[in-house]
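The values are calculated or read from the model by the stated rules, or taken from the named source; none is laboratory data. It should be emphasised that the depicted structure is a prediction, and the values quoted were computed from it without experimental measurement. Don't worry about glycine lacking a Cβ; one is built from the backbone with ideal geometry, like all the others, and counts go over all protein chains shown. Note: areas computed on protein heavy atoms with side chains; ligands, DNA, RNA excluded. Shrake-Rupley method; radii C 1.70, N 1.55, O 1.52, S 1.80 Å.
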Amino acid sequence: MTKQTKRRVTFGRIISLSLVCTWLCLAAFPFIWTLWGSFKVQSDFFSKADWMNALWGTNTLEQTGSAFTSSGYQGAWVIEKFWENFLNTGIVVLSTVVVSLTFGTLGGYALARSGFRYAFWILMAALVFRAMPHITLVSGYLLPFFEWNIWGHLPTTIIVLVAINQPFTLWMLHSFFLNIPKDMDESAMIDGCSRFQAFRLVIVPVMWPGVITTGLFSFLLAYNDFAVTAMLLSEENETIIPAINSFLGTTQVEGKVMYAVAAVVSATAPLFVLILFFQRQIVSGLTAGAVKG
Amino acid sequence: MKHRAFFWFILPTLAAMTLFIALPIVSVFVQSLYVQHEQVLVISENCGPFGCKQSTSVDIAATEKLREEAPLGQFNGLGTYSNRSHLAFAEVGAAWATSDTIDAFWDEVVNLPFYGALTFTLTYTAAVTPLVLLLGLAIAIGVNSLPSIFKGPSIFVSLLPFLVTPLVGSLILFWMVDSDGVIGAIIQLIFDDPNLSLKASAALTWTMLILYGVWHTLPFSFIVFYAGLQTVPLETLEAAQVDGATKWQRTIYVVVPHLVPLISFVTLMLLMDNFRVFEPIVSFSAEAHARSLSWIIFNDLRESGNPLYGSAGATSMLTILGVVFLLTPVLIRTWRDFKGAGR
């Protein structure tokens, strides 16, 4: 009897273990494969003859004399000036995160401390805004931006990304501030602080964990965006994601696809580092909305 | 909080959202009521020795001037909404009148741009969401039973496909399933058909996009469920075990009910994100067989030289209506909770 139960349990375990293993392989393999292949020549990574070439680098060895080549990276970073796009991304992402956290903390705090009906309606509107595909908004920006001559510049894109970020930031920080006891700032106000002083002196020192978590997601949204940056930035101001897309359009020539592969690997690297250092915060951020319902 | 203080605190965020989300919706609506100018044509008569010939040419200067003066185009009312590229009332009516079976009618409707995109978007959402919920739950239970040294690394690996830029993630997969890529080559080997390409047929393209969607969003449901599993009360589990419940029964009758609030949260998030599917179509260059609502808006705006603002605006308005429709149950429930909270 006991033996039978035990066997049934192990059977279930085997299934669930193999499911987990399959998933982990599926999750990791594409990244490892592309990283490995980015150091080969095109005829190896996109091998018409034999896919094993990508493993051993047969043609890479033939063409360059070594099994690994950094020509893809050289092409992307030096010839195609990918570092300029990286710089633009740095400016856009950093400014977006800083501005949207500033706006978001003030707004989220106000919403968490106000029980009036309009606070609820602002949150509902934010939920609907959060669900709208970004491209629907972009079609509303283009004409006015062309008219006012502000199309194509980095600040325009930054403020648009800040606005698109707000609904999400508001919801996250709102639920975070709900968890900070009201008594803290209210007792400060009884002691004679104004609302803003109470916020600055009492709430600001304890809010950093929530702000950092929210900041990570603002970073991801700005970094990963394609719809807004592709439509609103002129060619010289392009950030990396639209730049990768335009690589594909222009580089059908032999060898140049590897520039795009190298660019893709370069664009993934910062995210990899981010997950490495902030895994705990990311996980807690993903579940923050869920716990509050 | 007093109204005055609230106002100053909320001002920056409210201003940003009003200026760059609410007003653009208005602007999209206004745009959708206009169509771009037609080109100004001049008819000139060339008289030669063999009689006179009339020729029509485009007056570029006049066209430019017209566009400069009224960049919105000319007023069209709701005409754009009902034309062939959008709701296509006339075409749907004609298809209904001429086709004998529902299938034939459906085939014709799906060939219309808007309905085709709507069908793909809804199919994608309806296929990816339940798959991700189920697999995410199964993997969360699996990882939860791993020894604790493996838990951290497996969460790390799982986060990669979710946090990677959608455009980049789908490119990585596309290069692998491309007919020269590793998965593409293996599939050709398995089916012994050197010309087999996943891009060749609509069904294969759709499957590929849906598989990408599952790969990309699965980590989200996995991690939320995994976090939920940490809060399952141990006493209840033990009580069920004492009562003789098998592991399977404990999962179904104790763990899953505990996760129900999480399931509705994950479903909401997944619906919102899947409904805007866009980047993979660009990366996979799948537009020949699969177009989503976001993609057709993008395509209208990209129309080289002469963006179709009116058409993009109309599709955008219809998409926003779709989002609101999807969210209605959530909004109603939240409103009830809010009123029930004692006010």
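No other residue among A:Trp83, A:Trp56 is outside the structural domain of A:Ala243 (by TED's automatic domain parsing) and aromatic (Phe, Trp, Tyr) apart from A:Trp56. Can you find a residue that is part of a loop (DSSP other than H, G, I, E, B) and surrounded by fewer than 18 Cβ atoms within 10 Å (Cβ to Cβ) anywhere in the stretch B:2-22? Yes, because at least one residue in the stretch B:2-22 is part of a loop (DSSP other than H, G, I, E, B) and surrounded by fewer than 18 Cβ atoms within 10 Å (Cβ to Cβ). Taking A:Phe196 as the residue in question, decide whether it is in a helix (DSSP H, G or I), open to solvent by 80 Å² or more (accessible area, probe 1.4 Å) and within 12 Å of another protein chain (Cβ to nearest Cβ). Yes; evaluated as a whole, the condition is true for this residue. Only a single criterion out of (1) within 20 Å of the chain's Cα centre (by Cα); (2) open to solvent by less than 10 Å² (accessible area, probe 1.4 Å); (3) within 30 Å of B:Thr18 (Cα to Cα) is not satisfied by A:Phe82, namely (3).
For the stretch B:26-52, filtering for residues that are of a type outside the set (A, V, I, L, M), assigned to a helix (DSSP H, G or I) and open to solvent by 50 Å² or more (accessible area, probe 1.4 Å) leaves 1.
The residues of the stretch B:266-305 that are in contact (Cβ under 8 Å) with a residue 60 or more places away in the chain, of a type in the set (A, V, I, L, M, F, W, C), under 15 Å from B:Ala126 (Cβ atoms) and open to solvent by less than 20 Å² (accessible area, probe 1.4 Å), listed by number, are B:Leu270, B:Phe275, B:Val277, B:Ala290, B:Leu293. With respect to the conditions (1) surrounded by fewer than 22 Cβ atoms within 10 Å (Cβ to Cβ); (2) away from chain B (no Cβ under 11 Å); (3) in a helix (DSSP H, G or I), A:Ser218 falls short on a single one, namely (1).
Every condition in (1) farther than 29 Å from A:Ile244 by Cβ; (2) of a type outside the set (Lys, Arg); (3) modelled with pLDDT of 90 or more is met by B:Thr121 except one, and the failing one is (1).
If you go through the stretch A:10-42 one residue at a time, how many are free of Cβ contacts under 8 Å to residues at least 24 places away in the same chain, over 29 Å from the mean Cα position of the chain (by Cα) and surrounded by 13 or more Cβ atoms within 10 Å (Cβ to Cβ)? Residues in the stretch A:10-42 being free of Cβ contacts under 8 Å to residues at least 24 places away in the same chain, over 29 Å from the mean Cα position of the chain (by Cα) and surrounded by 13 or more Cβ atoms within 10 Å (Cβ to Cβ): 4 in total. When the residues of the stretch B:308-331 are narrowed to those that are under 14 Å from B:Ile25 (Cα atoms) and hydroxyl-bearing (Ser, Thr, Tyr), which ends up farthest from the other protein chains (Cβ to nearest Cβ)? In this case the residue turns out to be B:Thr315. Looking at (1) outside the structural domain of A:Val264 (by TED's automatic domain parsing); (2) modelled with pLDDT of 90 or more, find the lone condition where A:Thr102 falls short. Just one mismatch for A:Thr102, condition (1). A:Val202 meets each of the listed conditions (1) in contact (Cβ under 8 Å) with a residue 24 or more places away in the chain; (2) over 27 Å from B:Leu159 (Cα atoms); (3) surrounded by 15 or more Cβ atoms within 10 Å (Cβ to Cβ) apart from (1).
Looking for whichever is touching a Gly at 6+ places or on another chain (Cβ under 9 Å) and facing chain B (nearest Cβ under 7 Å) here; the options are A:Ser100, A:Ser139, A:Ser114. Which one fits?
Working: A:Ser100 fails: facing chain B (nearest Cβ under 7 Å); A:Ser114 fails: touching a Gly at 6+ places or on another chain (Cβ under 9 Å).
Just a single option satisfies the conditions, and that option is A:Ser139.
Would you mind stating whether B:Ile139 is modelled with pLDDT of 85 or more and not assigned by TED's automatic domain parsing to the domain that holds B:Gly213? In short, no. Applying the selection to the stretch B:75-97, what residues are of a type outside the set (A, V, I, L, M, F, W, C) and in contact with a Leu (Cβ under 9 Å, 6 or more places away or on another chain)? B:Asn76, B:Gly77, B:Gly79, B:Thr80, B:Tyr81, B:Arg84, B:Ser85, B:His86, B:Glu91 - these are the residues of the stretch B:75-97 that are of a type outside the set (A, V, I, L, M, F, W, C) and in contact with a Leu (Cβ under 9 Å, 6 or more places away or on another chain).
Among the residues making up the stretch B:138-155, those that are assigned to a helix (DSSP H, G or I) and either open to solvent by 30 Å² or more (accessible area, probe 1.4 Å) or among the small types (Gly, Ala, Ser) (or both) are B:Ala138, B:Ala140, B:Ile141, B:Gly142, B:Asn144, B:Ser148, B:Ile149, B:Phe150, B:Lys151, B:Gly152, B:Pro153, B:Ser154.
Would it be correct to say that A:Thr96 is open to solvent by less than 70 Å² (accessible area, probe 1.4 Å), assigned to a helix (DSSP H, G or I) and hydroxyl-bearing (Ser, Thr, Tyr)?
Numbers: open to solvent by less than 70 Å² (accessible area, probe 1.4 Å): yes; assigned to a helix (DSSP H, G or I): yes; hydroxyl-bearing (Ser, Thr, Tyr): yes.
Here the answer is yes, as A:Thr96 does meet what is asked.
Checking the stated criteria, B:Thr328 turns out not to satisfy the condition of being touching a Leu at 6+ places or on another chain (Cβ under 7 Å) and in the same structural domain as B:Trp175 (by TED's automatic domain parsing). Scanning the stretch B:209-228 for residues that are open to solvent by 20 Å² or more (accessible area, probe 1.4 Å) and of a type in the set (A, V, I, L, M) turns up B:Ile210, B:Leu211, B:Ala227. Does B:Tyr81 fit the bill of being hydroxyl-bearing (Ser, Thr, Tyr), in contact (Cβ under 8 Å) with a residue 40 or more places away in the chain and out of contact with any strand residue (DSSP E or B) (no Cβ under 7 Å at 6 or more places or on another chain)? In short, yes.
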